[in-house]
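Take a look at the structure set out below.
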Amino acid sequence: GDRPGLPKQILDQLPAEAPLRQVKVHTSADGQLAVDTIVLGDIPRFDPTEAAQQARLDTILGLAKKAGADLDSVRSFLLRASADFVRSATALRAIRCADRYAAVKGTEDTLVQLEPEADPTLSRVVITVGNATPRRMFERCADLLGGHRVNIHRAFVDVVEDPGHGYVTLFSYLVRGPDGRALDADGASWRALAPALARAKWISDAALALS
């Protein structure tokens, strides 16, 4: 399975100057097999001139309208997202990501959220960061999760343009806590981890190595 911090160890073996485009981590149900996919290089943005991408955007907006979402917010988000995101995202995921993007864009802020999953042994940790280097931030978050003995079962990174402020990056980790269960929002592990993740952008590498 994926040991805590393993995606970070893989990144350490890749060219340091290459920008992080995508990270996907998938672990088998029994925890015995993990597939970590890390893609480096420039991120193809949404292209409205490509018929398939525009059709997918229109489909998402149609579903978002039925869900009562803020269409202007969702549209603005999708127009700045990657082509991969538009092709693969469900309407619900697009709505949630648009809300997170709106909360952080134009700032240096970090939004940290813990969400329950259908599987009672798993939780989703979502970190949305304004104007940060995606690769460095992913490495720091992976370090912190591993340092708190939180096991990453799936991970996704989405980089969205924030005109005038660089990028907003959304990191989504499907995790299992140190006790093999979902993280408890009121538990000691999450109370220690959440503020550390919120500070990750500002912590020096030397300080992180000592944590």
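The values are calculated or read from the model by the stated rules, or taken from the named source; none is laboratory data. Here the structure is a predicted model, which means the values were calculated and not measured. Here Cβ is always computed from backbone atoms with ideal geometry, including for glycine, and neighbour counts include all displayed protein chains. Accessible surface is based on the protein model in full, side chains and every heavy atom, while ligands, DNA and RNA are left aside. Shrake-Rupley method; radii C 1.70, N 1.55, O 1.52, S 1.80 Å.
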Can you sort Tyr101, Tyr167 by 1.4 Å-probe accessible area, starting with the largest? Tyr167, Tyr101
Computed label-point distance, nm, for sites Ala198 and Ala103 using a 7 Å Cα→Cβ extension: 1.1
What whole-number distance in Å separates the alpha-carbon centres of the stretch 85-106 and the stretch 180-203? 23
Residue by residue, what Karplus-based ³J(HN,Hα) values in Hz, rounded to whole numbers, does the stretch 82-99 have, using 6.51, -1.76 and 1.60 with θ = phi - 60° and x for Gly and Pro? 7, 4, 4, 5, 4, 5, 10, 6, 6, 4, 5, 5, 4, 5, 5, 5, 4, 5
Between Tyr167 and residues 5 or more places away or on another chain, which pairs have amide H atoms under 5 Å apart, with H built 1.01 Å from N, and which residues are they? Asn131, Ala132, Asp162
What is the calculated FRET efficiency for Ala118 to Leu71, with r their C-beta to C-beta distance and R₀ = 30 Å, to the nearest 0.05? 0.60
Might you work out the accessible area of His148 for me, using a 1.4 Å probe with all protein chains in place, and round it to the nearest 10 Å²? 60
